[in-house]
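**Q** Dumping the structure here so I can ask a few things about it.
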There are 2 protein chains.
Amino acid sequence: MGEFELIARHFKRAPGPGSGARRAALGVGDDCALFAPDAGMQLAVTSDMLVEGRHFLATVPPARLGHKALAVNLSDLAACGAEPLAFTLALALPRADEAFLAPFAAGLFALADAHGIELVGGDTTAGPLNICITAFGQVPAGQALLRSGARAGDDLWVSGRLGDARLALEVFRGAVSLTGDAFEQVRAAMETPQPRVALGRALRGVATSAIDVSDGFAGDLGHVLAASGVGAVVDADALPRSDVLARQAPALQHLCTLAGGDDYELLFTAPQARREAVLAAAQAAGVPVTRCGRIEAEAGLRVQDAAGRALESNWRGFDHFA
Amino acid sequence: MGEFELIARHFKRAPGPGSGARRAALGVGDDCALFAPDAGMQLAVTSDMLVEGRHFLATVPPARLGHKALAVNLSDLAACGAEPLAFTLALALPRADEAFLAPFAAGLFALADAHGIELVGGDTTAGPLNICITAFGQVPAGQALLRSGARAGDDLWVSGRLGDARLALEVFRGAVSLTGDAFEQVRAAMETPQPRVALGRALRGVATSAIDVSDGFAGDLGHVLAASGVGAVVDADALPRSDVLARQAPALQHLCTLAGGDDYELLFTAPQARREAVLAAAQAAGVPVTRCGRIEAEAGLRVQDAAGRALESNWRGFDHFA
């Protein structure tokens, strides 16, 4: 199959009720896609590239890879409080492989449909497997959640649960043994993360800062602290984790929750006076949130256990070149 | 050097007079970039991925690769008549290599500055070399140049010169021998294409359809004919070419001009009654244009020489999986 037929078969879809707002005036098939945010809205744009062995394992089913490639971008939109609109896909493939492309596209579009957004353009080429998605959202001008708004005294919150994706990676690496439902649960956390789009939108006007946890809780929190010019104390034992992870050795629990990476949960700050508003936003979004620390004026990240004992705090974020 | 320092050193730039309109409310360094098109404008979005051996040779100097990676995206904006605004860059690199990144960034930003646009976000990761740029432009709502507007009786036009990039590729392949200035000229055509942004904008309201020549003149014209539901007659001898190419064998000239690829010239149609307007637009943009055929109601592409003799017309566009 040629390039153009390949694109047409898997990535061109007729406008239809199942696929959202049909916002694009012009989708795949011209030199550019054309669309516009609504009046008074800023466009939020994010771009993520996924490479085998770095962002996914060769063992990932293609449908889950399609899901994850879009999910990690929607997670960035969520962290800004943006409403997703559309995305482009650039794909390098070793060969035009029907057995890969059909489930990949199905997984991709299932998540796109769940968020009412559409593929508006892109590129397909031969090359080592590489997936680059650029996603577009919109947010009322001036209301985006930024990394720079955390203030001393704010609570530190995180959505969902941390660490299962890293635990799954350790299983694939052979460092941890898990089987059956426990393995499937952590594997699903790694392969099909759920971007917290509804929560991000609900936190507009409530959270003072936000970031999505992609490189590890401590590392991503470090970006917020640096951008905001503040420090933080984190209660490591308060970080939310699954029952499966809670049965592992304490050191592994700390590694997975604090420096796991690939969580795609929202880490955010909010004034103590807004605790009820945070909980209401979480309930409206259907996502649990957990208070796990506080912002302080003193720079630096201080990690302690429930008894207030300091833990090793050099939990570095995942560095793609380390 | 770690990922974050790498990004900061080469791709974060302070706002300044040398770097355009500073349109982005928020650039590299938060979860998303935030910006908005002007009132009444549609956003034009395009995404291109460059892979070694497919879109560039290992012999390309990094500065030229930085230029080309952005140029091919600006060429898509040009083909829509859009004014460039901003771009994102996702980059997979085998390693964090200063000797590559410094000139790559210099070449990239030199072209960005020439068009007054800025890098607003992106991603850097380890992996086989892959460059994915998504570029944003704006165009007055409803005025974008599309592939679908060609009408029977329209003239067929092309900007600049065709075929030098393909001739350079044949030299690198060892099929053609060129040296000195002749080689440097065709090599520059391949490695530093000039996106026809000013011409695209000047053709708004004049051209009835447009596309940029990236996969080869005949193949890209085929997309216009299919989208517009028309056919065309092309005068192969009228296709503009350099003196260097004009000294090659006739069959090679036809191959390079009709099916060369990597030209990044604009192929467009306009009513015969607008010939003066086309020439005025070309003069305003400082780019030569050449009339090279006409659109006909009968479907199909008919290529002939100056004497009206039919040439083999199966000039297929470059297929990345062929």
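**Q** Can you name the residue in segment A:29-44 that is at the interface with chain B (Cβ under 7 Å from one of its Cβ atoms) and in contact with a helix residue (DSSP H, G or I) (Cβ under 9 Å, 6 or more places away or on another chain) and, of all such residues, is nearest to A:Asn73 (Cα to Cα)?
**A** By that ranking, first place goes to A:Ala44.
**Q** Looking at segment A:177-193, which of its residues are touching a helix residue (DSSP H, G or I) at 6+ places or on another chain (Cβ under 7 Å) and either at pLDDT below 95 or within 19 Å of A:Val278 (Cβ to Cβ) (or both)?
**A** Selection gives nothing.
**Q** Please return the ranges of strands (runs of 3 or more DSSP E) entirely within segment B:85-168 where 1 or more residues are of a type in the set (Asp, Glu).
**A** Numbers: elements: B:118-126, B:130-140, B:155-159.
So the answer is B:118-126, B:155-159.
**Q** Let me ask something additional. Output the residues belonging to segment B:97-117 that are out of contact with any Phe, Trp or Tyr (no Cβ under 8 Å at 6 or more places or on another chain) and within 14 Å of another protein chain (Cβ to nearest Cβ).
**A** Just the residues of segment B:97-117 that are out of contact with any Phe, Trp or Tyr (no Cβ under 8 Å at 6 or more places or on another chain), to begin with: B:97-104, B:106-111, B:113-116.
B:Asp97, B:Glu98, B:Phe100, B:Leu101, listed by residue number.
**Q** Could you check segment A:55-84 and list, in sequence order, the residues that are touching a residue at least 24 places away in the same chain (Cβ under 8 Å) and out of contact with any helix residue (DSSP H, G or I) (no Cβ under 9 Å at 6 or more places or on another chain)?
**A** A:Val72, A:Asn73, A:Asp76
**Q** Say whether the condition of being of a type in the set (Val, Ile, Thr), over 30 Å from B:Ala86 (Cβ atoms), modelled with pLDDT of 95 or more and surrounded by fewer than 24 Cβ atoms within 10 Å (Cβ to Cβ) is met by at least one residue in segment B:195-215.
**A** As a first pass, look at segment B:195-215 and keep what is of a type in the set (Val, Ile, Thr): B:197, B:206, B:208, B:211, B:213.
Keeping just the survivors that are over 30 Å from B:Ala86 (Cβ atoms) gives none.
Scanning segment B:195-215, I find no residue that is of a type in the set (Val, Ile, Thr), over 30 Å from B:Ala86 (Cβ atoms), modelled with pLDDT of 95 or more and surrounded by fewer than 24 Cβ atoms within 10 Å (Cβ to Cβ), so the answer is no.
**Q** So which residues in segment A:45-87 are hydroxyl-bearing (Ser, Thr, Tyr) and buried (at least 24 other Cβ atoms within 10 Å of the Cβ), if there are any at all? First the steps, then the outcome.
**A** Of all residues in segment A:45-87, those hydroxyl-bearing (Ser, Thr, Tyr) come to A:46-47, A:59, A:75.
Of everything in segment A:45-87, those that are hydroxyl-bearing (Ser, Thr, Tyr) and buried (at least 24 other Cβ atoms within 10 Å of the Cβ) turn out to be A:Thr46, A:Ser47, A:Ser75.
**Q** B:Phe56: within 23 Å of B:Arg95 (Cβ to Cβ), at pLDDT 90 or above and within 12 Å of chain A (Cβ to nearest Cβ), yes or no? Show your work before the answer.
**A** Values: within 23 Å of B:Arg95 (Cβ to Cβ): yes; at pLDDT 90 or above: yes; within 12 Å of chain A (Cβ to nearest Cβ): yes.
Against the criterion (within 23 Å of B:Arg95 (Cβ to Cβ), at pLDDT 90 or above and within 12 Å of chain A (Cβ to nearest Cβ)), B:Phe56 qualifies.
**Q** In segment B:282-309, which residues are in contact with a strand residue (DSSP E or B) (Cβ under 8 Å, 6 or more places away or on another chain), at pLDDT 90 or above and either exposed (fewer than 14 other Cβ atoms within 10 Å of the Cβ) or part of a helix (DSSP H, G or I) (or both)?
**A** Result: B:Ala282, B:Ala297, B:Glu298, B:Ala299, B:Gly300.
**Q** I need a count of the residues in segment B:128-146 that are surrounded by fewer than 19 Cβ atoms within 10 Å (Cβ to Cβ) and not small (Gly, Ala, Ser).
**A** Let us first name the residues in segment B:128-146 that are surrounded by fewer than 19 Cβ atoms within 10 Å (Cβ to Cβ), namely B:128, B:140-143.
Next cut, not small (Gly, Ala, Ser) only: B:128, B:140, B:143.
Residues flagged as surrounded by fewer than 19 Cβ atoms within 10 Å (Cβ to Cβ) and not small (Gly, Ala, Ser) within segment B:128-146 amount to 3.
**Q** Could you go through segment B:170-189 and let me know if any residue there is touching a residue at least 60 places away in the same chain (Cβ under 8 Å), among the small types (Gly, Ala, Ser), over 28 Å from B:His223 (Cβ atoms) and surrounded by 22 or more Cβ atoms within 10 Å (Cβ to Cβ).
**A** No, because not a single residue in segment B:170-189 is touching a residue at least 60 places away in the same chain (Cβ under 8 Å), among the small types (Gly, Ala, Ser), over 28 Å from B:His223 (Cβ atoms) and surrounded by 22 or more Cβ atoms within 10 Å (Cβ to Cβ).
**Q** Within segment A:178-206, can you find the residues that are farther than 23 Å from A:Asp237 by Cα and small (Gly, Ala, Ser)?
**A** Of everything in segment A:178-206, those that are farther than 23 Å from A:Asp237 by Cα and small (Gly, Ala, Ser) turn out to be A:Gly180, A:Ala188, A:Ala198, A:Gly200, A:Ala202, A:Gly205.
**Q** Still on this model: Of B:Pro250, B:Pro271, which residue is surrounded by fewer than 24 Cβ atoms within 10 Å (Cβ to Cβ) and modelled with pLDDT of 95 or more? Break it down stepwise before answering.
**A** Numbers: B:Pro250 fails: modelled with pLDDT of 95 or more.
Unique residue meeting the criteria: B:Pro271.
**Q** Another one. Mind checking which residues of segment B:112-127 are surrounded by fewer than 23 Cβ atoms within 10 Å (Cβ to Cβ) and within 16 Å of B:Pro62 (Cβ to Cβ)?
**A** Answer for segment B:112-127, where residues must be surrounded by fewer than 23 Cβ atoms within 10 Å (Cβ to Cβ) and within 16 Å of B:Pro62 (Cβ to Cβ): just B:Thr124.
The values are calculated or read from the model by the stated rules, or taken from the named source; none is laboratory data. Note that the coordinates shown come from a computational prediction; the quantities given were computed from them, not determined experimentally. Every residue, glycine as well, gets a Cβ built from its backbone with ideal geometry; the counts of neighbours run over all protein chains shown.
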